[in-house]
Amino acid sequence: MNTETTTPHRALRLGVAGPVGTGKSSTIANLCRALAEEFRIGVITNDIYTDEDAQFLRAEGVLPGERIRAVETGACPHTAIRDDVTMNLLAVEDLERDFDPLDIVLVESGGDNLTATFSPSLVDAQLFVLDVAGGGDVARKGGPGIGRADLLVINKVDLAPYVDVDVAQMLADASDAREGRAVIGVSRKQPETVQALAGWVRQMHSAFTAGGHIPQDPGPMAPHFHADEDGEGGYMHSHEETAAGHSH
């Protein structure tokens, strides 16, 4: 066994989660534009039945198209990032093998609720994305994704005047809810905010390659509601159940 170094011999894997419409794909696009000249980056997107997010990123031209791949998760997208990560893990490993060496792989979750978290067996660190259009009080309400992701991104801060949100207060509330964990406000129209986000990723990559980053498990998703197919009913569901005890 080589004890001289603990430097990983694979890419840093970053998860990007958050509700539908908060700008997960645009966050990934911003990161790729800011970092592509420094790092070899790959992307895995998750959608329920389509590859729409992967198509968006390819159309944006942020990376060579072959380094952007899609996973179709089926009806419950958070299962594929938390309970049974097999599909995503295989996709990440295939991407790393086919384009070795990659420095960073970004894994985008399917759009989900405020409680989504990645398994540490899939990613080394995770970002959770909110946006100001969801309301200034969303971050204050907390939840596993908001409270315990490695980084909380408050996206689209340039829209705050149009949705009556005080960005400074929202960021302060988010910092309180996260007990001081990192929070960054971002707008693609404000380059300095994108650079702040890219700087956080650079620091995470440096810690990872030096062997100084240990993935943290943010804990299981909170119980949440699944609607029936007809939209008229549903049931509460918890991801603390064993894999043998539930299915989607």
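The values are calculated or read from the model by the stated rules, or taken from the named source; none is laboratory data. Owing to the predicted nature of the structure, the values given are computational and were not obtained by experimental measurement. Virtual Cβ from ideal backbone geometry, glycine too; neighbours counted across all protein chains shown.
Restricting attention to the range 12-46, and to residues there that are farther than 24 Å from G147 by Cα and either of a type in the set (D, E) or in contact with a Ser or Thr (Cβ under 6 Å, 6 or more places away or on another chain) (or both), which single residue is surrounded by the fewest Cβ atoms within 10 Å (Cβ to Cβ)? Top of the filtered list is E37. The number of residues in the range 47-65 being farther than 17 Å from G23 by Cα and either among the basic types (K, R) or surrounded by 18 or more Cβ atoms within 10 Å (Cβ to Cβ) (or both) comes to 1. Just one of the numbered conditions (1) in a helix (DSSP H, G or I); (2) surrounded by fewer than 24 Cβ atoms within 10 Å (Cβ to Cβ); (3) touching a Pro at 6+ places or on another chain (Cβ under 9 Å) is not true of A133: (3). The sole residue among R97, R58 that is in contact with a strand residue (DSSP E or B) (Cβ under 7 Å, 6 or more places away or on another chain) and free of Cβ contacts under 8 Å to residues at least 12 places away in the same chain is R58.
Put simply, of D98, D51 the only residue that is modelled with pLDDT of 95 or more and closer than 26 Å to A36 by Cβ is D98.
Taking residues in the range 155-176 that are under 17 Å from G23 (Cα atoms) and surrounded by fewer than 14 Cβ atoms within 10 Å (Cβ to Cβ), and partners anywhere that are of a type outside the set (G, A, S) and modelled with pLDDT of 95 or more, the pairs with Cβ atoms closer than 8 Å and at least 6 places apart or on different chains are V163/V132.
Would you check if D94 is farther than 26 Å from R188 by Cβ and out of contact with any Ser or Thr (no Cβ under 7 Å at 6 or more places or on another chain)? Working first, answer last.
Numbers: farther than 26 Å from R188 by Cβ: yes; out of contact with any Ser or Thr (no Cβ under 7 Å at 6 or more places or on another chain): yes.
Taking the combined requirement at face value, the residue satisfies it.
Which members of the range 72-116 meet the condition of being of a type in the set (S, T, Y) and either closer than 23 Å to N30 by Cα or surrounded by fewer than 18 Cβ atoms within 10 Å (Cβ to Cβ) (or both)?
T86, S109
Just one of the listed residues (A133, A125) is of a type in the set (A, V, I, L, M), modelled with pLDDT of 95 or more and touching a His at 6+ places or on another chain (Cβ under 9 Å), and it is A125. Being of a type in the set (A, V, I, L, M, F, W, C), within 13 Å of the chain's Cα centre (by Cα) and modelled with pLDDT under 95: is that true of V20 here? In short, yes. In a residue-by-residue description of the range 59-68, the property of being under 25 Å from I146 (Cβ atoms), within 16 Å of the chain's Cα centre (by Cα) and either outside any loop (DSSP other than H, G, I, E, B) or of a type in the set (S, T, Y) (or both) applies to no position. From the list A80, A116, the lone residue that is touching a residue at least 24 places away in the same chain (Cβ under 8 Å), assigned to a helix (DSSP H, G or I), out of contact with any Lys or Arg (no Cβ under 7 Å at 6 or more places or on another chain) and not hydroxyl-bearing (S, T, Y) is A80.
Per-residue answers, yes or no, for (1) modelled with pLDDT of 70 or more; (2) part of a loop (DSSP other than H, G, I, E, B); (3) surrounded by 11 or more Cβ atoms within 10 Å (Cβ to Cβ):
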site: G180; (1), (2), (3): yes, yes, no
site: V194; (1), (2), (3): yes, no, yes
site: G199; (1), (2), (3): yes, no, yes
site: S206; (1), (2), (3): yes, no, yes
site: G212; (1), (2), (3): yes, yes, no
site: Q216; (1), (2), (3): yes, yes, yes
site: G231; (1), (2), (3): no, yes, no
site: E241; (1), (2), (3): no, yes, yes
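Going through (1) within 20 Å of E179 (Cα to Cα); (2) under 16 Å from the mean Cα position of the chain (by Cα) one by one, G142 falls short only on (2).
Among the residues of the range 36-53, the ones that are in a helix (DSSP H, G or I) and either free of Cβ contacts under 8 Å to residues at least 12 places away in the same chain or within 12 Å of L95 (Cβ to Cβ) (or both) come to 1 in all.
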